[in-house]
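Engineer: Input: one structure, supplied below.
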Amino acid sequence: MDAPAISTRALTRTFGSLVAVQDMNLDVAPGQFFGFLGPNGAGKSTTIKMLTGLLAPTSGSISILGIDLAADPIEIKRQIGVVPEGMALFGRLTGAEYLNFVGRMYGLDRVTAAQRAAELLDFMQLDDQPKTLVTDYSHGMQKKLALAAAVIHGPRILFLDEPFEGVDAIASGTLKSMLQRMIARGATIFLTSHVLEIVERLCSHVAIINRGRLVAQGSLEELRAGVAAQSQAALASADPSLANAEQPLVPGEKLTLEQIFLRIVGGSRTVDQELSWLG
Amino acid sequence: MARLTSAQTRGQLAAITALRWQLFLHSLRSLGGRLEMVSRIFSFAGFGIMGFGGAVGAGFGAWAFVSQGRAEQIAFLVWPILLFWQLFPVMASAFSENVDFSNLLRLPLSFRSYALVRIVFGASNPSTLVGALWLLGLVVGVSIARPMLFPLAFLTCVLFALFNLFLSRAIFSWVERWLATRRAREILGVVFLLFVISLQFIGPLANHFSGARRFPLEHILLQVLPFERLLPPGIVAASLARAAEGQVVLTLGALLILAAWTLAALWLLIVRLAAQYSGENLSEASARPFASVARKSGVEIGWNLPLLPGRVAAMLEKEFHYLSRSGPVLFTLVMPVVVLLIFRFTPARSGHDESFLLRAPDFAFPVGAAYAVLILTNILYNAFGADGGGVQLFFLLPVRFREILVAKNIAYAFLLAIEMCLVWIGTALIFRPPAPGVTVATLAGVLFAYLVNAAAGNLMSLVSPKKFDTAVLGRQRLPTTTVLASLAIQAAVVGLGALVFLLSLHWANLWTAALLLLALAAFAFIGYLYSLRAADRIAFSRREALLTALTRA
């Protein structure tokens, strides 16, 4: 059996007295398109930073493709591609120079790096401004360039932190088709996004983090079944704490990811919580 | 929305003050922030000494001029105060903090409050402190000489201080407007650098030509003098002189002109602030040209550098792309030669017709070389500053930090090698070709100095990083901690180098100096290797602080 693509055990990260991520046990199998969801401040970015080596865990372990991240970070970095929150771009290079540079830093030879850079620029529709510096790119163009850089070496795992934020509909379609092709070829993708419709359409598996704790993990069907079972239990029980003010499920109703998410993190607000002073 | 009441306005100003205080307190949470604080205390102590020393000088000068009935000559004291107040924040940006208050514009702040915040917080820099102390000294000096003049001296100096305050803020605001686009920043950066360089030549050339009785300096000064009396420093002096002579009407007239100057400076500032307040957008995006013609993607095969591993070569190529697009950094390449030219025209002491380096041309190459090492300090001691948010990539790539630093150090060494060639050629043309012994000893010294600075710079780059823009003049500000550390290291290196040169002069053999400096370079190389070995560990342990410092906007 293959080692999990991503595995964490008791992963914890604190900032002073704030516990950002607590005792996280996460498993992502190879080939999964994995959506990592959570409300703002839940610990998504902290987790992805720890998984990619940008942040040290306070305790716990991370294993990528069966390799301990702390023991051999360089080997892991060869196997993964990352689009981090800040995009990690060099503003005073052109897009071509940047991709060429990243390719060679990943160990590609000069010719291969140049060929792939040209292909990626063409694919991402960034090849019409060869002299423009990255600093003068729009936000969406920078996002596409960051994604191109993350895949130039053909990573086995791709980590994407909000990849669709600020990207227009055309570019978004291009990115989605590219990611789906990567999955078809056996890569693993781990992404965070607040756009639940996109996650629902793309991802086969989802994990939800809330206040630093992993509160749900599995395929979309497994999450639906879990929420349905919880709803049934709430109906059958007299304990009002189990029925968390959500509408009971209609038999046969198929929940959307947004509904699952809101039921799990308890994100719905009752009418009497509205701000009465707001005009 | 209804107009803000004065209580609301006061509340807003109090909130902004509290915000600045909170930001300051939060900055002390990190080690780098605390070190920066200690460094700032030291630098402000230095400015305090400078301020008090200058105040004593200004006071004594003012006392002497007024006592001797030459109050008009107080202008000689006031002009340096004006020049310092206006030029220091631009020339020494490392010690000035330019806070971006544009975020305040989204709040319902009245224009008066916005302007007040911009002026008050913008003025909290060393030039205001030092300038105000010097003016205070001047008031005290005038008052001791003629106690009756105290109210007028005080009022005049307060007006003059306000004029300086408004003018310096106005200059910053207008420069900010002109430098709104990257291209404009680069072009004006180079123009400004040319201006600063040309200023260096005024003194030497004036000395040179006045000695030869060809340059009509006195004639020009006499022509300029009437106009000088209409400018604020001249008016300050005229106001005090007329008051000392008891001419009330002329004194009041001078005061009115000074007030008019102050209002004019305030108007210049208000025009800018009003534009900002009304939502002026100076972002890069609005000025970006639209590329309408699709061209090929511009991908070229990377450099082939046979002696270097592929990653180091790629990193080196990236560094050269960055350096080649950094106008101000490239322009500083010519500065050592400019310094030699200045030395060529500047007499070392009065009474000598020839400059120091003309009398001792063997020192020309070492002086130029030392200056070349000095100007590399900014990029050596903050090697990741220009990378900004791109530094994240270094933590994501399968590469060790020592490889990255080696590539950066090689790139800077290449720059230094070009500098050495320019300085050697400059020395040969301006003075005479350096002797072989001088050349070899100097190059050995440069090697030693570079290795020491590279070793220290690598560590400081990881310990105390700061984001900067190599393309814009004045945006290469180092953290104060790094400035002080690098000054200490430069002093040690120059001291050791001077000691070795003195020993070789004592033994009358420059080749001995070369050997001694090469031996020192060997020790420095060991330190350099240690810095590389430590780099991975430090980068790993300080990655969060490094990323925070370099990725913040």
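The values are calculated or read from the model by the stated rules, or taken from the named source; none is laboratory data. These numbers come from a predicted model, not from an experiment. Glycine gets a Cβ as well: all are built from the backbone with ideal geometry, and neighbour counts include every protein chain shown.
Engineer: The conditions are (1) of a type in the set (Gly, Ala, Ser); (2) at pLDDT 85 or above; (3) within 25 Å of the chain's Cα centre (by Cα), and A:Ala96 fails exactly one of them. Which is it?
Structural biologist: (3)
Engineer: Spot the failing condition for A:Thr112; the list is (1) of a type in the set (Ser, Thr, Tyr); (2) more than 8 Å from chain B (Cβ to nearest Cβ); (3) under 19 Å from B:Leu393 (Cα atoms), and only one is missed.
Structural biologist: The number of the failed condition is (3).
Engineer: To continue, here is another question. Looking only at residues in the range A:65-109 that are touching a residue at least 60 places away in the same chain (Cβ under 8 Å) and among the charged types (D, E, K, R), which one is farthest from the other protein chains (Cβ to nearest Cβ)?
Structural biologist: If we take residues in the range A:65-109 being touching a residue at least 60 places away in the same chain (Cβ under 8 Å) and among the charged types (D, E, K, R), then A:Glu85 is farthest from the other protein chains (Cβ to nearest Cβ).
Engineer: Something else about it: Taking the range B:429-471 as the search range and keeping residues that are within 22 Å of B:Leu510 (Cβ to Cβ) and within 25 Å of the chain's Cα centre (by Cα), which one is surrounded by the most Cβ atoms within 10 Å (Cβ to Cβ)?
Structural biologist: Across the range B:429-471, the extreme among qualifying residues is B:Ala449.
Engineer: I want to confirm something. Restricting to the range B:42-63 and keeping residues that are free of Cβ contacts under 8 Å to residues at least 40 places away in the same chain and of a type outside the set (Val, Ile, Thr), which single residue is surrounded by the fewest Cβ atoms within 10 Å (Cβ to Cβ)?
Structural biologist: B:Ala45
Engineer: Considering only residues of the range A:51-75 that are under 20 Å from the mean Cα position of the chain (by Cα) and hydroxyl-bearing (Ser, Thr, Tyr), which is surrounded by the fewest Cβ atoms within 10 Å (Cβ to Cβ)?
Structural biologist: Out of the qualifying residues, it is A:Ser61.
Engineer: Report whether or not A:Gly41 is under 21 Å from A:Met182 (Cβ atoms) and either away from chain B (no Cβ under 14 Å) or not in a strand (DSSP E or B) (or both).
Structural biologist: It is false that A:Gly41 is under 21 Å from A:Met182 (Cβ atoms) and either away from chain B (no Cβ under 14 Å) or not in a strand (DSSP E or B) (or both).
Engineer: Continuing with this model, one more query. Against the condition surrounded by 18 or more Cβ atoms within 10 Å (Cβ to Cβ), within 18 Å of the chain's Cα centre (by Cα), among the aliphatic types (A, V, I, L, M) and within 14 Å of another protein chain (Cβ to nearest Cβ), how does A:Ala148 come out, does it pass?
Structural biologist: yes
Engineer: Looking at the range B:76-113, which of its residues are modelled with pLDDT of 70 or more and not in a helix (DSSP H, G or I)?
Structural biologist: Result: B:Leu107, B:Pro108, B:Leu109, B:Ser110.
Engineer: Within the range A:122-130, is even one residue crowded, with 19+ Cβ neighbours inside 10 Å, modelled with pLDDT of 90 or more and at the interface with another protein chain (Cβ under 8 Å from one of its Cβ atoms)?
Structural biologist: no
Engineer: A further question follows. Hey, any hits in the range A:179-191 for a residue that's buried (at least 19 other Cβ atoms within 10 Å of the Cβ), in contact with a Gly (Cβ under 8 Å, 6 or more places away or on another chain) and more than 11 Å from A:Gly35 (Cβ to Cβ)?
Structural biologist: yes
Engineer: Quick test of your reading of the structure: A:Gly154 fulfils all but one of (1) buried (at least 19 other Cβ atoms within 10 Å of the Cβ); (2) within 14 Å of chain B (Cβ to nearest Cβ). Name the failing condition by number.
Structural biologist: It is condition (1) that A:Gly154 fails.
Engineer: Turning to a different aspect of this structure: Can you name the residue in the range B:119-139 that is more than 25 Å from B:Leu256 (Cβ to Cβ) and touching a residue at least 60 places away in the same chain (Cβ under 8 Å) and, of all such residues, is surrounded by the most Cβ atoms within 10 Å (Cβ to Cβ)?
Structural biologist: B:Gly137
Engineer: Looking at (1) in a strand (DSSP E or B); (2) out of contact with any helix residue (DSSP H, G or I) (no Cβ under 6 Å at 6 or more places or on another chain), find the lone condition where A:Arg13 falls short.
Structural biologist: (2)
Engineer: Of the residues in the range B:386-413, how many are part of a helix (DSSP H, G or I) and either of a type in the set (D, E, K, R) or within 12 Å of chain A (Cβ to nearest Cβ) (or both)?
Structural biologist: 17
Engineer: Based on this model, can you work out whether A:Ile48 counts as more than 19 Å from B:Ala549 (Cβ to Cβ), modelled with pLDDT of 90 or more and in contact with a helix residue (DSSP H, G or I) (Cβ under 6 Å, 6 or more places away or on another chain)?
Structural biologist: no
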